[in-house]
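A.B. asks: One structure, pasted below without further comment.
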Amino acid sequence: MANTRTASKTSATRKRRGRTQSGSSRRRTGRRWSRHVTEHSDALTLEKGVFTSRDPKRIAASLKRSAEKSRRRKVSPFRSALSMLTFYINRAGKSLPASRRKNLMRAKDELRKQLGKA
């Protein structure tokens with residue numbers, strides 16, 4: 001019985017080591033997975049700095065342009081653009097300042113207007 005425990009303990013340790021090694025390499029490249037999604041999304045190719053703009057109309061227009069130009073998206077341009085904006089807001093979480101959150105929420109409303117969903 002002692003041998004089976006040792007063998008299973010060894011295999012568990014190997015498994016953990018495997019995870020740790022891949023996890024550490026993944027941490028380096030995957031630390032900003034949400035950034036990777038916004039930059040390499042299958043649905044949209046976003047313009048640089050689209051979410052840093054202070055003008056909700058400019059944010060909405062940029063998302064609209066990207067969504068309408070995209071050939072890779074699987075849903076309507078409206079849903080695709082709104083999903084990306086919501087994704088950005090949600091991933092920023094509590095670290096997003098209230099003023100920026102308010103601005104991005106206004107961009108959602110503007111996007112609805114621009115795409116005729118308001």
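A.B. asks: Is it the case that some residue within the range 58-73 is within 18 Å of the chain's Cα centre (by Cα), farther than 16 Å from L44 by Cβ and free of Cβ contacts under 8 Å to residues at least 40 places away in the same chain?
C.D. replies: No, the range 58-73 contains no residue that is within 18 Å of the chain's Cα centre (by Cα), farther than 16 Å from L44 by Cβ and free of Cβ contacts under 8 Å to residues at least 40 places away in the same chain.
A.B. asks: Within the range 99-116, does at least one residue satisfy the condition of being farther than 19 Å from T45 by Cβ, of a type in the set (G, A, S) and part of a helix (DSSP H, G or I)?
C.D. replies: For the range 99-116, residues farther than 19 Å from T45 by Cβ, of a type in the set (G, A, S) and part of a helix (DSSP H, G or I): present.
A.B. asks: Further question on the same structure: Name the single residue that is modelled with the lowest pLDDT among those in the range 35-62 being basic (K, R) and either under 18 Å from V75 (Cβ atoms) or assigned to a loop (DSSP other than H, G, I, E, B) (or both).
C.D. replies: Of all residues in the range 35-62, those basic (K, R) come to 35, 48, 54, 57-58.
This time we only want the ones that are either under 18 Å from V75 (Cβ atoms) or assigned to a loop (DSSP other than H, G, I, E, B) (or both), so: 48, 54.
Working: K48: 87, R54: 93.
Selected residue: K48.
The values are calculated or read from the model by the stated rules, or taken from the named source; none is laboratory data. None of the values given here were measured: they were computed from a predicted structure. Here the Cβ is made from the backbone with ideal geometry for all residues, glycine too, and neighbour counts use every protein chain on show.
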